[in-house]
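Quick notes on the structure that follows.
The values are calculated or read from the model by the stated rules, or taken from the named source; none is laboratory data. Remember, it's a predicted structure, so these values are computed and weren't measured experimentally. Glycine also receives a Cβ, built like all others from the backbone with ideal geometry; neighbour counts cover every protein chain displayed. Remember, those area values only see protein heavy atoms, side chains included, never the ligands or the DNA or RNA. Shrake-Rupley method; radii C 1.70, N 1.55, O 1.52, S 1.80 Å.
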Amino acid sequence: MNTRRKLTASGAVLATLAGSLTIVAVSAGTASAGCQPEGDDLKPRYVASSAKKGKIKTSLASAAVQGPGEARYHDVKTAATTVEGSAEAKAEIGKWIAKAEAKAGVKLTKKWSHKEEWEYVLYIDRGKTQRIRMWHLAKKQIITKYIWDVAHCSKTKVKWKHTMLTPMKGNSNNVWLRENA
């Protein structure tokens with residue numbers, strides 16, 4: 001008879017445990033359902049860091065000159081640049097460029113090009129072999145993409161973070177510099 005009582009007591013404990021497990025499973029399901037994003041939370045959020053000065057190389061360059069002498073560039077050509085950085089962030093440039101512009105305080109563009117008659121001369125010092133190249137001014141920023149984080153019930157999970165160099169709009173944002181050949 002003692003054996004029978006022990007089995008009955010064990011059965012009661014198992015029934016209680018099974019009931020507890022069911023309650024835990026239901027409450028866990030309810031908690032994650034309440035943390036689902038709605039409306040604008042479904043969209044990723046992009047944040048741009050403060051902009052630093054930068055420049056992007058164009059294809060316009062003079063022939064190399066051994067100094068002392070002058071390096072000259074004179075031609076009618078199209079100068080062009082495009083945003084530099086990760087392919088992942090480039091693919092989403094349309095989504096983050098407005099944030100980057102606001103933080104930089106200037107107009108930015110994915111691509112810049114301009115055809116003109118270019119003429120520029122710089123002196124090359126003795127003992128150096130250099131050429132001159134046109135660079136286009138740009139802004140260097142860290143762009144971060146945040147997405148919804150179910151574990152913390154907020155939009156704080158970093159999907160990606162990349163340093164991007166974005167050309168400034170406008171045809172007067174060019175500078176000619178010496179570079180070693």
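Below is a table of values for the structure above.
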read-out: Expected-Rg normalisation [2.2 N^0.38 Å, Cα atoms] applied to region 58-135; value: 1.49
read-out: Positive dipole terminus of region 78-118, leading residue within Ala98, Ser113, Thr82 (C-beta point charges); value: Ala98
read-out: Accessible area of Thr144 in the full protein assembly, 1.4 Å probe (Å², nearest 10); value: 10
read-out: For Gln130, net neighbour charge (Lys/Arg +1, Asp/Glu -1) across residues whose Cβ lies under 12 Å away; value: +2
read-out: Glu116 - accessible surface, heavy atoms, 1.4 Å probe, Å² rounded to 10; value: 80
read-out: Neighbourhood net charge (10 Å Cβ-Cβ; Lys/Arg +1, Asp/Glu -1) for Lys52; value: +3
read-out: Region 103-163: relative contact order in percent, alpha carbon pairs under 8 Å with at least 6 residues between; value: 23
read-out: R0 of 45 Å, Cβ-Cβ distance Lys77-Asp40: FRET efficiency to nearest 0.05; value: 0.50
